[in-house]
Amino acid sequence: MKLASFNDHRIGVVMGDRVHDVTACVPAALDTLPAQRMRWLIEHWNETRLQVESIVAAGRGSITLDSVALLAPVPAPAHVFAAPVNYQKHIGELGNRAVSKKGRSAREQGFFLKAPASVVGPSEGITLPRGSQRRFDHESELAVVIGRGGRNIPRAQALDHVFGYTCLMDLTMRIEPGTGEEERSMRKSFASFTPMGPWLVTQDEVGDAGALRNSLSVNGEVRQDANTRDLIVGIAELIELVSSVLPLQPGDVIATGTPDGVGPIVAGDEVTIEIERVGRMTLTVREAEQMAPRPY
């Protein structure tokens with residue numbers, strides 16, 4: 001099943017070119033916190049799935065997909081974990097701009113955090129700091145969405161905790177050797193630097209996520225093209241790694257890492273990510289309207 005957040009954080013099931021509004025399955029009490037609706041639905045999926053399916057089967061609340069504004073499928077995750085350097089060919093690709101040294105991968109380094117407020121959906125696009133002379137790069141990633149929380153989850157049981165998958169771009173402001181050497185999490189947490197979407201596909205529909213083609217293009221030019229079978233640390237091990245540090249919660253997002261081919265984007269570009277059996281989304285890059293008081 002494909003689940004989407006759209007318009008004013010309503011919840012929909014995407015089927016073909018239509019969206020079936022199933023927001024009624026979520027308690028009305030969340031109308032004051034609409035961005036939390038999807039997290040609630042994920043946590044209570046076992047109790048609500050039949051209700052969701054009945055609404056879809058009845059055809060109630062069906063509207064055309066092209067008439068809605070798609071938001072991030074999980075608009076307000078409690079955590080966004082990310083794996084650094086998790087494809088062999090990406091190691092060393094950035095030269096003296098790289099933060100990871102001596103060929104270290106996600107297995108040695110663990111994970112880093114991206115700010116949840118950096119999450120956006122396809123309709124919102126990517127916004128770069130106004131007037132910046134820094135380099136901003138795209139990174140194409142498969143994202144895992146946690147369905148059942150837990151602590152110290154062994155990898156043999158890890159996939160039982162997966163709700164589904166979505167496409168994610170990890171946008172990054174690169175360091176400038178000898179000058180800007182900001183922390184990784186900050187450089188990756190500007191508003192709009194974690195686009196997700198176009199929807200969340202449940203695990204049962206995706207099947208084996210360890211062999212999915214992952215590609216990204218800029219203005220029609222393919223920049224990244226790889227397969228998740230080449231992950232250094234696979235999905236189950238990533239869940240084991242993160243949960244060994246702190247408890248995972250329903251709706252948490254784990255970005256699994258980017259393959260080689262990362263490169264710069266500028267205002268006016270159109271960036272498209274496509275992951276097999278998960279989805280395809282295109283985002284427009286623009287410059288912020290206002291100059292920040294502390295420019296980058």
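Please arrange 111, 6 by counting, for each residue, the other beta carbons lying within 10 Å of its beta carbon, fewest first.
111, 6
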Using a Gaussian network model of the chain whose springs link C-alpha atoms within less than 10 Å, name the residue from 237, 43, 205 with the highest mean-square fluctuation.
205
dims of the chain, Cα set, principal axes, largest to smallest, nearest Å -> 60, 46, 33
Relative contact order (percent, whole number), the chain, Cα cutoff 8 Å, 6+ residue spacing:
25
Any idea which of 122, 161, 87 is furthest toward the positive side of the dipole for the chain, if Lys and Arg beta-carbons carry +1 and Asp and Glu beta-carbons -1?
87
How about segment 1-68: which trypsin sites (Lys or Arg not before Pro) there are in a DSSP loop, with at most 16 other Cβ atoms within 10 Å of their Cβ?
60
Using the Karplus curve 6.51 cos²θ - 1.76 cosθ + 1.60 with θ = phi - 60°, work out ³J(HN,Hα) for each residue of segment 150-155 in order, rounded to whole Hz, and write x for Gly and Pro.
x, 10, 6, 7, x, 4
Can you put 15, 169, 281 in order, fewest other beta carbons within 10 Å first?
15, 281, 169
How many times 2.2 N^0.38 Å is the alpha carbon radius of gyration of segment 125-256?
1.15
Column: log10 I(q)/I(0), Debye, Cα scatterers of segment 2-67, q = 0.23, 0.26 Å⁻¹
-0.97, -1.20
Give a residue-ordered list of calculated ³J(HN,Hα) values for segment 54-64 (Karplus: 6.51 cos²θ - 1.76 cosθ + 1.60, θ = phi - 60°; whole Hz; x for Gly, Pro).
5, 5, 5, 4, 7, x, 6, x, 8, 9, 6
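Each reported figure results from applying straightforward, stated rules to the coordinates on display, with no laboratory input. In this text, all values refer to a predicted model and were calculated from it rather than measured experimentally. Here Cβ is always computed from backbone atoms with ideal geometry, including for glycine, and neighbour counts include all displayed protein chains.
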